[in-house]
Amino acid sequence: MNLTDRQAALLAGISLLLMAAVDGYAYGYAYNSLVIADDANATYENIRSSTGLYTGGVIGWVIIFILDLLVAWGLYRFFQNINPSLSRNAGILRAVYTLFLGYAIWNLIQVYPLLDGTEVNPEVMERLQSFTSIWNYGLIIFGLHLVGLGMLAIKRTKDASIFGISTALRRDLLQRLECSQGDDAKLCGSSCCG
């Protein structure tokens, strides 16, 4: 898939916006409504009585997983011309983080077979805690991805600023040179040779 810089930026940007909205539901609403950190009994009953909400949250996490891969690809493509090696490494780090997230999501899926009993199954809480732990470890890798992404963004912005400044200076210099060679003052304008 050969994307232009604009297409890559749109892919990453739209995917990030969608991811934020889906995360607001999957984690902010569904997960936090159902999971009570220190109460395995309440968590078990919440999930059993609201399997639709739990399933919606899990589907949300799967969508986030897919969008994360699209973001990794879009950002890699967008920054590829700035520094191919750093862009590739930042993309790989994002993809590795996404694999951690996928493994964490697998723990959420593993909760389903544990819900069929009438007694509270302590393994439900273990799976939910595993989800959080694995995701948190993945966020360390995500942080490294952000360092690489930040370096790429600074380089891109610095290049853009230098390009913009040099273009403006070159244009001003050429205009001053033309004015100093005796061109008509009306063409040069009053700001030309001040």
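Key figures for this structure:
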item	result
Accessible solvent surface per residue of region 33-90, calculated while the other protein chains remain in place, 1.4 angstrom probe, Å²	46
For region 24-128: rounded, prolate or oblate by the Cα gyration tensor [a/c cutoff 1.5]	prolate
Globularity ratio of region 42-86, using Cα Rg and 2.2 N^0.38 Å	1.91
Rounded percent of accessible protein surface that carbon and sulfur make up, region 35-131, 1.4 Å probe	60
Global form of region 88-153, assessed from the alpha-carbon gyration tensor, a/c cut-off 1.5	prolate
Heavy atoms of GLU126 accessible to a 1.4 Å probe, total area in Å² rounded to 10	100
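The values are calculated or read from the model by the stated rules, or taken from the named source; none is laboratory data. Note that the structure is predicted; figures quoted are calculated from it, not measured. Accessible surface areas use protein heavy atoms only, side chains included; no ligands, DNA or RNA. Shrake-Rupley method; radii C 1.70, N 1.55, O 1.52, S 1.80 Å.
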